[in-house]
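*Asks:* Pasting in a structure now, in structure tokens, and then I'll have a few things to ask.
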Amino acid sequence: MGATAIQSKRTNKTYTKGTPVKTVFGDLSKQLGIPSGNADSQINQLNSKLERSLSVSSNPMAAISRLLWHENMSVSVQNGALQILKKGTALQKEAISLSAVNGLLDSPEIGTKGEIMVRALLMPEFAPGRLVHIDSAMYRGLVVIHKARFSGASFGDTWEVEMECGIK
């Protein structure tokens, strides 16, 4: 549902200087046709207005991403609904505990840009924005999932997730 809307929807609309950002977001998200998820509660906190006119002639999701980037926020589609987070924050859910005893497959690897790469047994709760507490010899602490790639098939032995995380 979300992938099709992100790939196929197009919009042509112009907003004048001074239009509230939440109004622009509301128009663009309606054109996407994706449920709002946590987006409404996040957007309602914004009081900013466009500093100059904005002309959108593209995919609404791309326009939303650019709009929210200026507000220090990111947008994604999780489980078929929009998810918006302030950069550097996590969803307001309990952290998932991850260690060698409960699903961590390898020691986490710390990348050149400070990202932490984690391999674990597949759990549907692993989604961007989710807080994870890692307990391993290589790294111990809280991280926020930025990207998750799931691998698995009902006819195979592989059931895992590879996650790119940032330090909380």
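A short reminder: the numbers here are calculations on the coordinates, not readings from a lab. Model, not experiment: these values are computed from the prediction. Neighbour counts are summed over all protein chains in view; Cβ atoms, including those assigned to glycine, are modelled from backbone coordinates with ideal geometry.
*Asks:* Pairs of alpha-carbon atoms within less than 8 angstrom and 6+ residues apart define the contacts here; what relative contact order does the chain have, in percent? Walk me through the numbers before you get to the answer.
*Replies:* Details: 315 pairs, mean separation 29.2, N = 168.
This gives 17 percent for the chain.
*Asks:* While we're on this one: For the stretch 2-86, what class follows from the C-alpha gyration tensor (a ≥ b ≥ c being the square roots of its eigenvalues): rounded when a/c is under 1.5, otherwise prolate if a/b is larger than b/c, else oblate?
*Replies:* Working: a/c = 1.98, a/b = 1.20, b/c = 1.65.
Oblate shape, in that a/c is at least 1.5 and b/c is the bigger or equal ratio.
*Asks:* Mind checking the full-extension length gain between Asn44 and Thr23? Use 0.36 nm per residue of separation minus the Cα-Cα distance, one decimal, nm.
*Replies:* Numbers: separation 21, 0.36 × 21 = 7.56 nm, distance 0.99 nm.
Taking 0.36 nm per residue and subtracting the Cα distance, the gain is 6.6 nm.
*Asks:* A further question follows. Before anything else, pin down the relative contact order of the stretch 2-86: Cα pairs under 8 Å, at least 6 apart, normalised by residue count, whole percent.
*Replies:* Values: 128 pairs, mean separation 33.7, N = 85.
It rounds to 40 percent for the stretch 2-86.
*Asks:* Under a point spin-label approximation (7 Å from Cα along Cα-to-Cβ), what is the Leu105-Gln92 distance to one decimal in nm?
*Replies:* 3.4 nm
*Asks:* Under a straight-distance cross-link criterion of Cα-Cα below 18 Å, which aspartates and glutamates are reachable from Lys87, leaving out those fewer than 8 residues away in the same chain?
*Replies:* Straight-distance partners of Lys87: Asp40, Glu71, Glu115, Glu164.
*Asks:* Calculate, for Lys113 and Arg66, the FRET efficiency according to 1/(1 + (r/R0)^6) with r their C-beta to C-beta distance and R0 25 Å; round to the nearest 0.05. Spell out each step's value before the answer.
*Replies:* Details: r = 22 Å, r/R0 = 0.89.
With a Förster radius of 25 Å, E is 0.65.
*Asks:* Full-extension gain between Ala81 and Lys147, please, as 0.36 nm times their residue separation minus the C-alpha to C-alpha distance.
*Replies:* Working: separation 66, 0.36 × 66 = 23.76 nm, distance 1.62 nm.
Going from the current span to full extension adds 22.1 nm.
*Asks:* Let me ask something else about it. For Lys13 and Ala137 in the same chain, what is the full-extension length gain: residue separation times 0.36 nm, less their Cα-Cα distance, in nm?
*Replies:* Working: separation 124, 0.36 × 124 = 44.64 nm, distance 5.27 nm.
Result: 39.4 nm gained on full extension.
*Asks:* Counting alpha carbon pairs within less than 8 Å and at least 6 residues apart, what relative contact order, in whole percent, applies to the stretch 96-167? It would help to have the intermediate numbers written out before the result.
*Replies:* Details: 157 pairs, mean separation 23.6, N = 72.
RCO, the stretch 96-167: 33 percent.
*Asks:* Could you compute the net charge surrounding Ile96? Neighbours are other residues with a C-beta less than 9 Å from the C-beta of Ile96; K and R count +1, D and E count -1. The partial results should precede the final answer.
*Replies:* Details: positive: Lys93, Arg130; negative: Glu94, Glu125.
Neighbourhood net charge equals 0.
*Asks:* Counting only pairs 8 or more residues apart or on different chains, how many lysine pairs in the stretch 2-86 have their Cα atoms under 24 Å apart?
*Replies:* 14
*Asks:* For the stretch 10-16, what does the Karplus curve 6.51 cos²θ - 1.76 cosθ + 1.60, with θ = phi - 60°, yield as ³J(HN,Hα) per residue in whole Hz, taken in order and with x for Gly and Pro?
*Replies:* Values, residue by residue: 9, 9, 9, 8, 10, 10, 7 Hz.
*Asks:* Give the residue list of trypsin sites (Lys or Arg not before Pro) in the stretch 87-143 that are DSSP loop and have at most 13 other beta-carbon atoms within 10 angstrom.
*Replies:* Values: sites: Lys87, Lys93, Lys113, Arg119, Arg130, Arg140; in loops: Lys87, Lys93, Lys113, Arg130.
Those satisfying the criteria are Lys87, Lys93, Lys113.
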